Ligand code: HT7
Ligand code: ZN
């Protein structure tokens, strides 16, 4: 399998300003005829290379003349022509088979409908084409299909014509006025319900917004439409970016590999990110819909108007757009709030985003798949839609935002669009636009060191030393960064030292009573200062500090790094009570809990008894009753660090000990604070007849459910009746799932199975709810391979539907530490990777990454995972996707 390197990029030697496509749609065999008008870029004719995959070539015409097969070279996945003129027209006809396409890339069937997915390299499964993002064209698309089965025919842009044809067929012609790369092409055909609204853009243009879904699902699309309207408004207000289309469509698909796809004017969504009503969607699902609708809409500028030159630049659009959707969600949470309340609301989102980064990206950056946010090479680009490109990519954008400030960042974005609107560009082009603002504000400085974030993998560690001079009343803070070799860097010999990065490090100092100290920095006095660490080690001195202070570090998680500092538990307790930075305050509580959990893990490994410290219980109790904290924030601050985060901190990684430690701590905290959990549980039960997924009431529901979980964990006598009552009496899905998950996770009574059966009976017609039903059982502590195998025999299970596969197989293999980390668990995982790979390599490759960090596990686990990996590797018909993952893991 060839490796593609970033440095081998060559511009395409032809322009392709106009593309006309005609589709004779049929699920069994679709005929695609293209008319491609090429123009040579240089002065000499180069071979013209087109990509194609799983296509049957019917004919090739050059300027109206059919070419004999000798006139071109047809290889496995390329078609090469040898033009002799500066401009010419190619007409190609080929066939593809949507119903046979279980990969869900290219043109495929989902239920009784047809959809496309072209990013990254799916367009080549539709027609022969220069399937690369730097070839941008205007598309005119004619769709023909049976009118009864496919009454709606959609493609990008504007509808020019819709007419009936003989034999019960009909035709629609679409034209997209904006040049785009092939990965943004889309078509949809089928019978849909539509919810729509016309809105005025700030330029006073009318824009028709439409949400298409399966018939019968239209009552569940109001929230998605509301989110879309808010996305339009937000992008206008925060970034001055207006919708450039008359019509913007979102279509929900049941079978979809990822969350959604930003095709120009015709977004295709996994239905999980479109459909919601109070009876079927949880508060978390509502928020996820808001984030994904926002994300795809924001791509219209950051991704579509300015796109990627090549796939190594993926983070150019993804990192930036994730940053934008994170800010959108934070602004929606803080809407109508000000001061400390707004900061705390925004911190809730920041905490969730940082937790995701730590759970998904930090391990990736320390394992065999470690790569910079702009990868250097790949075998299969589908494997690089990673937490690093997306989430760390967003952190790298956020650091530029932090360094430049809101107005500086906005000026940089304006400059980026001024320079590159309508073009396919690089990550470096983005940083250069930001740098143009940075140098104006910081004469003599530049972002050269910052640019290393794009080429260096691994999570930096920043060691903090605080020295207090009691006589001079000064406090010196020394930051020292360490960038260790990761992934393939470790295999290189000699291992090269890595240069320092530009790390914005936000710091505050508290006095011994927990009061914030004003700090002088860069001629300004503030409670939080931004230290810009650009060398291996730097020291900053703060004056007029009367007593030795307590540092509050990496406020708001100002950089994606790991902080190392030696500190007393008493300092953490003080920060937990007083830190004015809500993120750092949460972090202090997490650190307290993590220390406790690690201590428990060690004592479990050594078969010793251990109790949790009273300092932690006292801190939690105080936080639980603190009237100044929102319920949403309390839920975060009083949640234990996840098993996965803890696992990463054990060495060697010992899943069994981590599970036991987590359980032990939950039980102890549950018991020690039982009256408090019960009080708060009662105080947070609202009248949810008038359900709204707003931040305040969803925060209340999240705390309510957390209390129930601790009570269940403690085996409190009231807990199970409360859970049962909550489940059956619920008037919304958040409460219902809270009750059910309490029963499923903590009980083995008959009520558990009764509730599960009742749930299935009630919701069997709703696939998204049944996904939750599978996922809950797969992630239950007692779930074993046998549980999962018997659920796989359930008539509602199918490996072909990615949401279903994710809800059962992925949930078990990736999140059920207790069940999967057994010899049978690893064997089951390998079997499923192999089975999925025959159907859908993109999805299989994601599952194949479940134990990337296998070499860091205890010897027992390690050997069993290695054997499972080898078994996958030896399978004779492995896809490029899975092969790349497994071979890197075994290197
Ligand atoms: N830009 C979209 C990427 C995507 C994708 C990639 C590979 C296979 C299937 C896919 N579906 C969507 C998603 C996004 O970041 O918005
Ligand atoms: Zn995206």
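The residue that is surrounded by the fewest Cβ atoms within 10 Å (Cβ to Cβ), among those in the range 92-110 that are touching a helix residue (DSSP H, G or I) at 6+ places or on another chain (Cβ under 9 Å) and over 23 Å from residue 59 (Cβ atoms), is 102.
Of all the numbered requirements in (1) touching a strand residue (DSSP E or B) at 6+ places or on another chain (Cβ under 9 Å); (2) surrounded by fewer than 17 Cβ atoms within 10 Å (Cβ to Cβ), residue 568 misses one, and that requirement is (1). For the range 384-409, a residue qualifies if it is more than 14 Å from the chain's Cα centre (by Cα) and either touching a residue at least 24 places away in the same chain (Cβ under 8 Å) or within 16 Å of ligand 2 (Cβ to nearest atom) (or both), and the qualifying residues are 396, 397, 398, 399, 400, 401, 402, 403, 404, 408, 409. Residue 199 meets the conditions (1) part of a helix (DSSP H, G or I); (2) without any contact (Cβ under 8 Å) to a residue 60 or more places away in the chain; (3) touching a helix residue (DSSP H, G or I) at 6+ places or on another chain (Cβ under 7 Å) in every case but one. The failed one is (1).
Whether any residue in the range 579-596 is surrounded by fewer than 20 Cβ atoms within 10 Å (Cβ to Cβ), in contact with a strand residue (DSSP E or B) (Cβ under 7 Å, 6 or more places away or on another chain) and assigned to a helix (DSSP H, G or I) is what I want to check. So far as the range 579-596 goes, no, none of its residues is surrounded by fewer than 20 Cβ atoms within 10 Å (Cβ to Cβ), in contact with a strand residue (DSSP E or B) (Cβ under 7 Å, 6 or more places away or on another chain) and assigned to a helix (DSSP H, G or I).
Just wondering, is there one or more residues in the range 98-113 that are farther than 30 Å from residue 840 by Cβ, in a loop (DSSP other than H, G, I, E, B) and in contact with a strand residue (DSSP E or B) (Cβ under 9 Å, 6 or more places away or on another chain)? Scanning the range 98-113 turns up no residue that is farther than 30 Å from residue 840 by Cβ, in a loop (DSSP other than H, G, I, E, B) and in contact with a strand residue (DSSP E or B) (Cβ under 9 Å, 6 or more places away or on another chain).
Yes or no, residue by residue, for (1) farther than 30 Å from residue 854 by Cβ; (2) modelled with pLDDT of 95 or more:
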{"position": "608", "(1), (2)": "no, no"}
{"position": "626", "(1), (2)": "yes, yes"}
{"position": "671", "(1), (2)": "yes, yes"}
{"position": "688", "(1), (2)": "yes, no"}
{"position": "706", "(1), (2)": "yes, yes"}
{"position": "715", "(1), (2)": "yes, yes"}
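Among all residues of the range 446-453, there is none that is surrounded by 13 or more Cβ atoms within 10 Å (Cβ to Cβ), closer than 30 Å to residue 885 by Cβ, at pLDDT 95 or above and in contact with a strand residue (DSSP E or B) (Cβ under 7 Å, 6 or more places away or on another chain). One residue alone among 225, 232, 208, 241 is in a loop (DSSP other than H, G, I, E, B), farther than 20 Å from residue 802 by Cα and away from ligand 1 (no atom under 16 Å from the Cβ), and that residue is 241.
Would you check if there is a residue in the range 688-709 being more than 32 Å from the chain's Cα centre (by Cα) and surrounded by fewer than 19 Cβ atoms within 10 Å (Cβ to Cβ)? Yes: the range 688-709 contains one or more residues that are more than 32 Å from the chain's Cα centre (by Cα) and surrounded by fewer than 19 Cβ atoms within 10 Å (Cβ to Cβ). For the range 322-333, the criterion of being near ligand 1 (Cβ under 10 Å from one of its atoms) and in contact (Cβ under 8 Å) with a residue 60 or more places away in the chain is met by at least one residue.
Within the range 289-314, the residues that satisfy the criterion of being near ligand 2 (Cβ under 10 Å from one of its atoms) and in contact with a helix residue (DSSP H, G or I) (Cβ under 6 Å, 6 or more places away or on another chain) are 292, 295, 298, 299, 302, 303, 314. In contact with a helix residue (DSSP H, G or I) (Cβ under 8 Å, 6 or more places away or on another chain), within 14 Å of ligand 1 (Cβ to nearest atom) and part of a helix (DSSP H, G or I) - does that describe any residue in the range 343-359? No. Only one of 650, 619 is closer than 27 Å to residue 695 by Cα and out of contact with any strand residue (DSSP E or B) (no Cβ under 8 Å at 6 or more places or on another chain). Can you tell me which? Testing whether each residue is closer than 27 Å to residue 695 by Cα and out of contact with any strand residue (DSSP E or B) (no Cβ under 8 Å at 6 or more places or on another chain) leaves just 619. Each residue in the range 643-659 was checked for being outside any loop (DSSP other than H, G, I, E, B) and touching a residue at least 60 places away in the same chain (Cβ under 8 Å), and 10 pass.
Residue 415 passes every criterion in (1) away from ligand 2 (no atom under 16 Å from the Cβ); (2) part of a loop (DSSP other than H, G, I, E, B); (3) within 30 Å of residue 17 (Cβ to Cβ) apart from (2).
Considering the range 293-316, the residues that are part of a helix (DSSP H, G or I) and farther than 15 Å from residue 183 by Cβ include one that is nearest to ligand 1 (Cβ to nearest atom), namely 295. Filtering the range 258-288 down to residues that are within 14 Å of ligand 2 (Cβ to nearest atom), in a loop (DSSP other than H, G, I, E, B) and within 17 Å of the chain's Cα centre (by Cα), which residue is surrounded by the fewest Cβ atoms within 10 Å (Cβ to Cβ)? Once the filter is applied, the top-ranked residue is 259. Being within 16 Å of ligand 2 (Cβ to nearest atom) and surrounded by fewer than 24 Cβ atoms within 10 Å (Cβ to Cβ) is a property that holds for residue 356.
Beta carbons closer than 8 Å, at least 6 apart along the sequence or on distinct chains, pair a first residue in the range 356-379 that is assigned by TED's automatic domain parsing to the domain that holds residue 314 with a second that is in a strand (DSSP E or B) for 362/562; 376/5; 377/4; 377/5; 378/4; 379/4. Every listed requirement among (1) in contact (Cβ under 8 Å) with a residue 40 or more places away in the chain; (2) within 16 Å of ligand 1 (Cβ to nearest atom); (3) touching a strand residue (DSSP E or B) at 6+ places or on another chain (Cβ under 7 Å) is met by residue 275 save one, (2). Taking the range 324-335 as the range and being more than 11 Å from ligand 2 (Cβ to nearest atom) and assigned to a helix (DSSP H, G or I) as the test, the residues that pass are 326, 327, 328, 329, 330, 331, 332, 333, 334. Of the residues that sit in the range 122-135 and are closer than 19 Å to residue 253 by Cβ and either over 27 Å from the mean Cα position of the chain (by Cα) or outside any helix (DSSP H, G or I) (or both), which one is nearest to ligand 2 (Cβ to nearest atom)? Among those residues, the one meeting the criterion is 122.
Determine, yes or no, whether residue 162 is surrounded by fewer than 19 Cβ atoms within 10 Å (Cβ to Cβ), on the phi < 0 side of the Ramachandran plot and in contact with a helix residue (DSSP H, G or I) (Cβ under 6 Å, 6 or more places away or on another chain). Here the answer is no, as residue 162 does not meet what is asked. The residues on offer are 146, 76, and the sole one that is more than 22 Å from residue 299 (Cα to Cα) and at pLDDT below 95 is 76.
The values are calculated or read from the model by the stated rules, or taken from the named source; none is laboratory data. Quick caveat: nothing in here was measured; it's all calculated off a predicted structure. Positions of Cβ are backbone-derived with ideal geometry, glycine not excepted, and every protein chain shown enters the neighbour counts.
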